[in-house]
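Structure first, then comments.
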């Protein structure tokens, strides 16, 4: 697969050496066209005994049922992507467009089942790039965000399910989103990436700003329509090395001003601005058949699970948050990758939050087996245990067993 491989598929390649490393390519005049993607689906059984109110919690009963079952797409959506590349005037240019249909939902919500799935189709990518290996490249359009991207691309559940199963056939599950890292999401951007300088590279992006939201109420956002008078900024730098002990270290940041349009007296004040910011650091390494990942983030006014989710209280004051995950995998002689991962995301409360149902932490443990039946096809089995705790002392737990397959081309 060429250098413009879709980020989600590239992430899966990082997660499993058994994934195909070439798409379907053909020449069309001055262009080389690459078509690639995947289809995946999983049978999920989720058991949850409690239905306590944990606002922002990721565990608990769904539709008041102790047991929820479904055929669902995993963390990585089913994918069909096209990239066309050419080199003209000593500049490499490309264009990428992709489609993400739901492989697990029904075609209608009117089939008499309260847990019927949806038939959503997303368009996560539409961007162009231009550059040269001597000075770097520029990306213009919609693609995976920069902050948090390497965390999700190294998550072993990218080939599987992770958290968030049992949601009635939503387009994807959560993997480790909200239990170890914030969702990078797919966002409009203009980003510059340096050339590879002996393993070191960096990316800096001017980003479409996000809207803040609060599950406890209180309209705190940049504006009611999700735009802002200032861009967001994201960046990441990394250093990679090869050899018997190969690996990568990286660090990144997120920065965006958020305007308080609905706070109350005692907060930052109506019309005030807050500089939401977060920082991250991680390391991944491979030695023999062992893979290791460690990642952490910390933020002020960035919230939990999604960027700016529950980032502010009802008075307009920013909340602090942090989290991370550790992961270990081992490839046995049959080629099966066995893995275990632990992740947690914490959200601090403010004085105005005292006694509320605001989530305090979402925690996840994943045990998985990923078997390459062919170089393109992986069979997957996972067990995920999730726990959500509120600042009021209540908690919910969920156990999910998943079995399915993912095929790349």
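The values are calculated or read from the model by the stated rules, or taken from the named source; none is laboratory data. Model, not experiment: these values are computed from the prediction. In this analysis, Cβ positions are derived from the backbone assuming ideal geometry, glycine residues included, and neighbour counts consider all displayed protein chains.
What about residue 330, is it in a strand (DSSP E or B) and in contact with a helix residue (DSSP H, G or I) (Cβ under 6 Å, 6 or more places away or on another chain)?
On the way: in a strand (DSSP E or B): yes; in contact with a helix residue (DSSP H, G or I) (Cβ under 6 Å, 6 or more places away or on another chain): no.
So residue 330 does not fit the description; no.
Is it true that residue 85 is crowded, with 18+ Cβ neighbours inside 10 Å, in a strand (DSSP E or B) and in contact (Cβ under 8 Å) with a residue 40 or more places away in the chain? Walk me through it before giving the result.
Details: crowded, with 18+ Cβ neighbours inside 10 Å: yes; in a strand (DSSP E or B): yes; in contact (Cβ under 8 Å) with a residue 40 or more places away in the chain: yes.
Yes, satisfied.
Given the options 359, 340, name the one that is surrounded by fewer than 16 Cβ atoms within 10 Å (Cβ to Cβ) and in contact (Cβ under 8 Å) with a residue 12 or more places away in the chain. Reasoning before the result, please.
Values: 359 fails: surrounded by fewer than 16 Cβ atoms within 10 Å (Cβ to Cβ).
One residue alone meets the criteria, 340.
Give 273, 349 a once-over and let me know the one that is more than 24 Å from residue 399 (Cα to Cα) and surrounded by fewer than 17 Cβ atoms within 10 Å (Cβ to Cβ).
On inspection, the qualifying residue turns out to be 273.
Looking at (1) buried (at least 24 other Cβ atoms within 10 Å of the Cβ); (2) outside any loop (DSSP other than H, G, I, E, B); (3) over 20 Å from the mean Cα position of the chain (by Cα), which one does residue 316 not meet, given that it meets all the others?
Of the numbered conditions (1) buried (at least 24 other Cβ atoms within 10 Å of the Cβ); (2) outside any loop (DSSP other than H, G, I, E, B); (3) over 20 Å from the mean Cα position of the chain (by Cα), the odd one out for residue 316 is (2).
Looking at this structure, is residue 304 under 27 Å from residue 209 (Cβ atoms) and either surrounded by fewer than 17 Cβ atoms within 10 Å (Cβ to Cβ) or in contact with a helix residue (DSSP H, G or I) (Cβ under 9 Å, 6 or more places away or on another chain) (or both)? Explain how you work it out, then say what you get.
Working: under 27 Å from residue 209 (Cβ atoms): yes; either surrounded by fewer than 17 Cβ atoms within 10 Å (Cβ to Cβ) or in contact with a helix residue (DSSP H, G or I) (Cβ under 9 Å, 6 or more places away or on another chain) (or both): no.
The answer is no for residue 304.
For the stretch 144-163, name all the residues that are outside any loop (DSSP other than H, G, I, E, B) and closer than 21 Å to residue 125 by Cα.
We begin by selecting, within the stretch 144-163, every residue outside any loop (DSSP other than H, G, I, E, B); these are 144, 149-153, 156-159, 162-163.
Selection gives 144, 149, 150, 151, 152, 153, 158, 159.
Would you check if residue 190 is closer than 14 Å to residue 233 by Cα and at pLDDT 95 or above? Talk me through it step by step, then tell me what you get.
Values: closer than 14 Å to residue 233 by Cα: yes; at pLDDT 95 or above: yes.
In short, yes.
Looking at the stretch 286-301, which of the residues that are buried (at least 19 other Cβ atoms within 10 Å of the Cβ) and closer than 15 Å to residue 346 by Cβ is farthest from the chain's Cα centre (by Cα)?
301
Can you find a residue that is in contact with a strand residue (DSSP E or B) (Cβ under 7 Å, 6 or more places away or on another chain), more than 13 Å from residue 215 (Cα to Cα) and in a loop (DSSP other than H, G, I, E, B) anywhere in the stretch 353-369?
No: zero hits.
Can you name the residue in the stretch 214-243 that is modelled with pLDDT of 95 or more and in contact with a helix residue (DSSP H, G or I) (Cβ under 8 Å, 6 or more places away or on another chain) and, of all such residues, is surrounded by the fewest Cβ atoms within 10 Å (Cβ to Cβ)?
Per the criteria, the residue is 238.
Testing residue 166 on (1) within 30 Å of residue 69 (Cβ to Cβ); (2) not in a loop (DSSP other than H, G, I, E, B), one condition comes back false. Which one is that?
The number of the failed condition is (2).
Count, please, the residues in the stretch 170-187 that happen to be within 10 Å of the chain's Cα centre (by Cα), surrounded by fewer than 23 Cβ atoms within 10 Å (Cβ to Cβ) and not in a loop (DSSP other than H, G, I, E, B).
2
Restricting to the stretch 188-202, name every residue that is touching a strand residue (DSSP E or B) at 6+ places or on another chain (Cβ under 6 Å) and either buried (at least 20 other Cβ atoms within 10 Å of the Cβ) or part of a loop (DSSP other than H, G, I, E, B) (or both).
189, 191, 194, 195, 199
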